[in-house]
Amino acid sequence: QVQLVESGGGLVQAGGSLRLSCAASGRTFSTFAMGWFRQAPEKEREFVATINWSGGSTGYADSVKGRFTVSRDNTKNLLYLQMNNLKPEDTAVYYCAARASILRSTIDRDYNYWGQGTQVTVSS
């Protein structure tokens, strides 16, 4: 089992920045690829970013590419999502997820464990 707890969400004006964190406990963090997903009201959950076990390979949704950066610290069991130049359409609940594989994935059903989510609200 892996427990995931997100933090760092909040209210920010358009153009601002936030950094989300995801603390993992349980099984060895470095054996998992990780991902960030989000779900806006009345919308399907969508992929945001993914990172492989070492942090050496990342992937992003087109909508966030160049604005968001995913990273991890395997010594601290932490996953991060740095979000810059935020837009109102980034408003959503953001979830971190762990995949029992060293390979990253953009597909939510590939992930085995999910956090409870953290709300990000971007005002215009």
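The values are calculated or read from the model by the stated rules, or taken from the named source; none is laboratory data. Everything numeric in this text was worked out from a predicted model, so none of it was measured. As a convention, Cβ positions derive from the backbone with ideal geometry for all residues, glycine included, and neighbour counts pool all protein chains shown. Heavy atoms of the whole protein, side chains included, go into the accessibility calculation; ligands, DNA and RNA do not. Shrake-Rupley method; radii C 1.70, N 1.55, O 1.52, S 1.80 Å.
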Give the aspartates and glutamates whose C-alpha is closer than 15 Å to that of LYS43, dropping any in the same chain fewer than 8 places away, or say none. GLU89, ASP90, ASP108
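When only Cα pairs under 8 Å and 6 or more residues apart are kept, what is the percent relative contact order across the chain?
Numbers: 327 pairs, mean separation 45.5, N = 124.
Normalised by residue count, the contact order of the chain is 37 percent.
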Span from the segment 10-24 Cα centroid across to the segment 91-124 one, whole angstrom: 14
Cβ neighbours within 10 Å, averaged per peptide: list 8-16, 26-34 in order, most packed at the top. 26-34, 8-16
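What percentage of the solvent-accessible surface of segment 1-51, computed with a 1.4 Å probe over protein heavy atoms, is contributed by carbon and sulfur atoms?
45
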